[in-house]
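**Student:** Handing you this structure, nothing more for now.
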Amino acid sequence: LHVVVCFLTISLCALSSEDVLSKDAGECAICLEELQQGDTIARLPCLCIYHKCIDEWFEVNRSCPEHPSD
């Protein structure tokens, strides 16, 4: 369901909401830095989370980095 929602909302993926991470969550796929508790993050409609570096990603790409459109 996660991937389907991402593909169906590609235009909405650019509209990320800002949030604060409540627990460590691995590595950001964009900047490759660890996602740590307390970090300001962007949460996409597909529920993927990234640091705010995702904003720069969307200047070039119009889809979720983990679910790119073909």
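The values are calculated or read from the model by the stated rules, or taken from the named source; none is laboratory data. Fair warning: this is a prediction, and the values are worked out from it, not measured in the lab. Here the Cβ positions follow ideal geometry from the backbone for every residue, glycine too, while neighbour counts run over all protein chains shown.
**Student:** Say we look at segment 34-66 and pick out the residues that are of a type in the set (G, A, S) and modelled with pLDDT of 85 or more; which of these is surrounded by the fewest Cβ atoms within 10 Å (Cβ to Cβ)?
**Tutor:** Filtering segment 34-66 for residues that are of a type in the set (G, A, S) and modelled with pLDDT of 85 or more, the one surrounded by the fewest Cβ atoms within 10 Å (Cβ to Cβ) comes out as G38.
**Student:** Kindly provide the set of residues from segment 22-45 that are under 8 Å from the mean Cα position of the chain (by Cα) and assigned to a loop (DSSP other than H, G, I, E, B), ordered by number.
**Tutor:** The answer is L44, and nothing else.
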